[in-house]
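Read the figures in this text as sums done on the coordinates, not as results from a lab. Being a predicted model, the structure only gives us computed values, none of them experimental. Cβ coordinates were reconstructed from backbone atoms using ideal geometry, including for glycine residues, and neighbour counts include every protein chain displayed.
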Amino acid sequence: IGYDMTNFPNSLNHSTVEDAAREISQFAPLVKTGCSPQLQPFLCSMHFPQCRETEQVLPCRSLCLQARSGCEELMNRFGFQWPEELSCDRLPESGNCFYPGMSSSSSHASTCERFSNRMCPDMGYNMTRLPNALGHKTVLSAKTNLQMWSPLINSKCSPQFEPFLCSMHFPQCSEAEQVLPCRSLCLQVRSGCEELMNRFGFPWPEELRAGHIQTD
């Protein structure tokens, strides 16, 4: 997860490394299912929060939402609920929080960066503003997350899916603000792809819901 210093007690009230290790080991079967590639870094950063200077760094809310959207349905299928102590609402949306691929020394201020991504060749712009609405603070972390969607993009469930995902991961940088996709674009994509995702046991991700996106 990119660091080896933590501090206790953590937000789950574990006082020692041994306590945290014992608790996180209970999630090993769920991690091994591969229900979400973000589950392991999320659990690790909850149980072993990064120690940055004098404060404890919790995982970003977007990381929690991605882990939960991929794994909660599987947990429910076996009679388990998503733990209340892992509620995403308790975590910071942005600022000083942990997300895989984010440098511990990087600035959290919104900045424009040039990006080159073969998955988004027809966007009409090459400057993006980070962090994005999904909590990615570097081009690398946004690109890594976007690659996980390749199978669904290739399914052609919606011709709007690729531009929607690209504009969420690499929002256009326009003067002092970040340009998010229109809500109508999100709704078109969801109507075309959600049924296919559900067929394979995946719900539509919470962080990609139209309610989080600007109106047209």
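Rounded to a whole number, what is D in µm²/s for the range 111-212 from Stokes-Einstein with the Kirkwood radius over alpha-carbon pairs (25 °C, 0.890 mPa s)? Walk me through the numbers on the way to the answer.
Details: Rh = 13.9 Å.
Using the Kirkwood radius from Cα pairs, D works out to 177 µm²/s.
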- Task: Provide the gained length on full extension for the span C51 to T138, in nm with one decimal, where the gain is 0.36 nm per separating residue minus the Cα-Cα distance.
- Result: 29.3 nm
- Task: Could you give log10 I(q)/I(0) at q = 0.10, 0.18 Å⁻¹ for the chain, computed by the Debye formula over C-alpha point scatterers of equal weight, without solvent?
- Result: -0.46, -1.38
- Which one of L86, C112, L12 has its Cα pushed farthest toward the positive end of the charge dipole of the chain, where Lys and Arg give +1 and Asp and Glu give -1 at the Cβ? C112
- Given Cβ charges of +1 for Lys and Arg and -1 for Asp and Glu, the option among L180, N126, S155 whose Cα lies farthest towards the positive end of the dipole of the range 111-212 is S155
- Run the dipole for the chain about the Cα centre, Lys and Arg Cβ at +1, Asp and Glu Cβ at -1, nothing else charged, and hand back the magnitude in debye, nearest 20. 560
- Per the rule of 0.36 nm per residue minus the C-alpha distance, extending Q81 to E195 adds in nm 38.7 nm
